[in-house]
1. Is the C-alpha gyration tensor of the stretch 39-98 telling us rounded, prolate or oblate? Criteria: a/c under 1.5 is rounded; beyond that, a/b larger than b/c is prolate, otherwise oblate.
2. What nm distance separates the two modelled labels at residue 24 and residue 45, each placed 7 Å from Cα along Cα→Cβ?
3. Pick from 16, 36, 28: which is most flexible by mean-square fluctuation in a GNM of the chain where alpha carbon atoms under 10 Å apart are linked?
4. On a C-alpha basis, how far is the centre of the stretch 70-93 from the centre of the stretch 43-63 in Å? Whole number, if you could?
5. Please report the antiparallel percentage of DSSP beta bridges with both residues in the chain, rounded to the nearest 5.
6. Tell me the angle of helix 30-44 to the major Cα principal axis of the chain, expressed in degrees between 0 and 90 and rounded to the nearest ten.
7. With springs connecting C-alpha atoms under 10 Å apart, model the chain as a Gaussian network and identify which of 38, 89, 57 has the largest mean-square fluctuation.
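Every number in this text was worked out from the coordinates using simple rules, so none of it is lab data. Keep in mind that this is a model prediction, so the values were computed, not measured. Cβ placement follows ideal geometry from the backbone for every residue including glycine, while neighbour counts extend to all protein chains displayed.
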C-alpha cells in the first residue's frame, strides 16, 4: 500500500486496484485526480482500465449531502457506474456500512 501527497490510498492485489479518497468536501477532486493518474500510469505500462468493470461506491453519513450532488468519477470520457454495494476481497461493502448484504 502506498500513499501520495493527495492523501489517496492505493491497494493492489492480483489484477485489481482499489482507489480510496476521504473528504468532507463534496466538490473534492482528489479521487478524480488519482483515477487520472492511475489511467496515465496504466497506459504508460501497457495496461488497460476496463471502465465497464470499474465501480464507484460513496459512503456518506451527512444527511445534508445527497450522493447525486457529488460529481461522478470519469475515466477515459466515461462515467463510472455508482453502486450501493461492492465486493472487495470477498467482503461485501455497502454504502451504509451495514452487514446486511454480506450476511
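1. Because a/c hits 1.5 or more and a/b fails to exceed b/c, the stretch 39-98 counts as oblate.
2. For the pair residue 24/residue 45, the computed spacing is 3.4 nm.
3. Of the options given, 16 has the highest mean-square fluctuation.
4. 5
5. Here the antiparallel bridges make up roughly 80 percent for the chain.
6. Tilt relative to the chain: about 30 degrees.
7. 89
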